[in-house]
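K.L.:
I am attaching a structure below and will ask some questions about it afterwards.
The values are calculated or read from the model by the stated rules, or taken from the named source; none is laboratory data. Keep in mind that this is a model prediction, so the values were computed, not measured. Here the Cβ positions follow ideal geometry from the backbone for every residue, glycine too, while neighbour counts run over all protein chains shown. Only protein heavy atoms, including side chains, enter the accessible area calculation; ligands, DNA and RNA are left aside. Shrake-Rupley method; radii C 1.70, N 1.55, O 1.52, S 1.80 Å.
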Amino acid sequence: MKYCIRILSLSLLLFILSCSKNINMPGRYEGVLNTTQNTRQLITNKCIVIVNEDNSMTIDIQGDNIYKDNVSITKEELTKIDDYSYTASKNDKNYTFVFHSGYMVLTIENTDNTTTKGELPKKEQQ
């Protein structure tokens, strides 16, 4: 009987810990993206990513340069890598989204062999 209680207690503890690490992906993410070629930084742009409840996304890369873009990615265009990572391809660019607690990492492989990457904190609703 003591053995069963220990197993149940341990299972309940593991369940509670796993629930506390749940990442809520929908929301607004804002930050800076750095575009690099090899190791050389080329340009910096502000980026806003809106993740909708259905997991579709809008990516708004702001700036007065060739990396300025506004892209919508539907849920159907996303490929799930694991519970917190997704990829998509659109307009000959490859997008990778990795969600963490409180922020996401966005990586874009551009058509000119550059990489755009940034850590975008999740903005709280006001």
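K.L.:
Restricting to region 35-61, name every residue that is open to solvent by 30 Å² or more (accessible area, probe 1.4 Å), part of a strand (DSSP E or B) and either at pLDDT below 95 or closer than 16 Å to Thr115 by Cα (or both).
P.N.:
Thr36, Gln37, Arg40, Gln41, Leu42, Ile43, Thr44, Lys46
K.L.:
Among (1) open to solvent by 50 Å² or more (accessible area, probe 1.4 Å); (2) assigned to a strand (DSSP E or B), there is one condition Asp112 misses while meeting the rest; what is its number?
P.N.:
(2)
K.L.:
Within region 104-112, is even one residue modelled with pLDDT under 95, of a type in the set (Ser, Thr, Tyr) and out of contact with any Asp or Glu (no Cβ under 7 Å at 6 or more places or on another chain)?
P.N.:
no
K.L.:
Continuing with the same structure: Residues in region 62-76 that are open to solvent by 30 Å² or more (accessible area, probe 1.4 Å), more than 16 Å from Thr115 (Cβ to Cβ) and not in a loop (DSSP other than H, G, I, E, B): how many?
P.N.:
5
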